[in-house]
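In what follows, a structure is listed as structure tokens, so that the remarks can point back to it.
Read-outs throughout are calculated quantities, based only on the coordinates presented, and are distinct from any laboratory measurement. The structure presented is a predicted model; accordingly, all values stated were derived computationally and were not measured. Don't worry about glycine lacking a Cβ; one is built from the backbone with ideal geometry, like all the others, and counts go over all protein chains shown.
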Amino acid sequence: MSRDACDELRRKFVRSFMDLIVIRMLADKPLWGYKLMTTIKDVYDIKVGPSVIYPLLDGLEEAGFIEGSEEYDGKRRRKIYRTTPEGLEQLECLGEILKEFSVSAP
């Protein structure tokens, strides 16, 4: 498979599983919405705007997969998100599913 085809497949995966990608990123490091958008752009070359990221964060928080807390950086208020134990369980489940697909067929 060519490098371009592989990159496109990766972007397709990220778009399809954006919720799990965000949970994974937050498991590595607590982040705020704008920082998530710029990191997704830098790492995966996918532009994600506020109309996508903030409803996604709200839904993940409602589901209990992430939690947010307001913090101040000088006078700027940010809602910093972190992965919860339930979110980590989701990532473990994803890992098991990916293992199923990565094993060679008999």
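Using DSSP to define loop residues, name the chymotrypsin sites (Phe, Trp or Tyr not before Pro) in region 1-92 whose beta-carbon has at most 15 other beta-carbon atoms within 10 Å.
PHE17
May I ask you to evaluate 6.51 cos²θ - 1.76 cosθ + 1.60, the Karplus curve with θ = phi - 60°, for each residue of region 17-29 and list the ³J(HN,Hα) values in order in whole Hz, giving x for glycine and proline?
Along region 17-29, the couplings run 10, 4, 4, 6, 5, 5, 4, 4, 4, 6, 5, 6, 6 Hz.
Report, by chain and number, residues whose modeled amide H sits under 5 Å from the one on ILE46, excluding near sequence neighbours (fewer than 5 apart, same chain).
LYS41
Provide the gained length on full extension for the span LEU98 to GLU62, in nm with one decimal, where the gain is 0.36 nm per separating residue minus the Cα-Cα distance.
Full extension of this stretch gives 10.4 nm more.
How long are the semi-axes of the ellipsoid equivalent to region 1-47, from square roots of 5 times the Cα gyration tensor eigenvalues, in whole Å, largest first?
Working through the eigenvalues yields semi-axes of 21, 11, 8 Å.
Return the calculated 222 nm mean residue ellipticity for the chain, to the nearest 500 deg cm²/dmol, obtained by summing -39500 (n - 2.57) across DSSP H runs with n ≥ 4 and dividing by the residue count.
After summing the helix terms and dividing by the residues of the chain, the value is -21000 deg cm²/dmol.
For the chain, what is the largest minus smallest coordinate of the Cα atoms on each principal axis, given in angstrom and ordered from greatest to least?
Per principal axis, max minus min of the Cα coordinates gives 57, 30, 21 Å.
Test of understanding: what is the full-extension gain from GLU70 to PHE17, defined as 0.36 nm times their sequence separation minus their Cα-Cα distance?
That works out to 16.5 nm of additional length.
What FRET efficiency would be calculated for the residue pair ARG82, ALA5, taking the C-beta separation as r and a Förster radius of 41 Å, to the nearest 0.05?
Computed FRET efficiency for ARG82 and ALA5: 0.70.
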